[in-house]
Amino acid sequence: MRIGILTCSAATQESGCSSVSCLHDLRKRKGEFSRYANDESLDLIGIINCAGCPTLAGPEKLLNRIRSLVEFRVDAIHFSYCMDALCPYKTKYRALINEHFPNIDVIIGTHDAHVTHEQFRESVKELLCQPRRTMVEVIKGK
Ligand code: SF4
């Protein structure tokens, strides 16, 4: 199986996530990777983050990201754990990919949950909303 992973930009771009938990469970065939038989080879072809929360061009932007996986012959695309827990568009995005790339399996999820989705959402919200210095402080010399 040739696997691609799509991650959530909101979670990975600002949080410093290296997809380590997704890759751990892929190697160990745990979580959503337990569906693959042990004697089946499992190759990670690529990981890409989504194009960000949608604007008017959301579907087109997502499909462009997906092309960077499907052009390299993936059999399945897994939406990351963070995308499963956080993304309100995941079902719509799965249908969009199914429509454009009917030969590719789209699976929602990667690694096993370490906490509930609710706890994960709260932790990510706290992480993203923590006070931080910005250009405002630099400009005002604070
Ligand atoms: S569209 Fe979904 S996956 Fe992409 S950044 Fe927004 S919440 Fe995350």
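Using the average count of surrounding beta-carbon atoms within 10 Å as a protection proxy, the listed peptides 7-14, 102-109 rank, highest first, as 7-14, 102-109.
Normalised per residue, the accessible area of the chain is 61 Å², obtained with a 1.4 Å probe and no contribution from ligands, DNA or RNA. Note on the chain: helix-only mean residue ellipticity at 222 nm, from DSSP H runs of 4+ residues weighted -39500 (n - 2.57) and normalised by residue number, equals -12500 deg cm²/dmol. Rg/Rh, computed from the Cα trace of the range 2-139 with Rh as the Kirkwood radius, has the value 1.00. Computed from label points 7 Å out along Cα-Cβ, the spacing between His24 and Tyr36 is 1.9 nm. For the range 2-139, the carbon plus sulfur part of the accessible surface works out to 52%, probe radius 1.4 Å. Against the chain, whose longest principal axis comes from its Cα atoms, helix 58-70 is set at around 50 degrees. Under 19 Å from a point placed 7 Å out from the Cα of Thr91 along the Cα-to-Cβ direction: which residues of the range 99-142 have their backbone N that close? Counting backbone N atoms under 19 Å from the label point, the list is 99-100, 106-110, 117-118.
The values are calculated or read from the model by the stated rules, or taken from the named source; none is laboratory data. The model shown is predicted, which means the values in this text are computed figures rather than measured ones. With ideal geometry, Cβ positions are generated from the backbone for all residues, glycine too; neighbour counts draw on all protein chains shown. Only protein heavy atoms, including side chains, enter the accessible area calculation; ligands, DNA and RNA are left aside. Shrake-Rupley method; radii C 1.70, N 1.55, O 1.52, S 1.80 Å.
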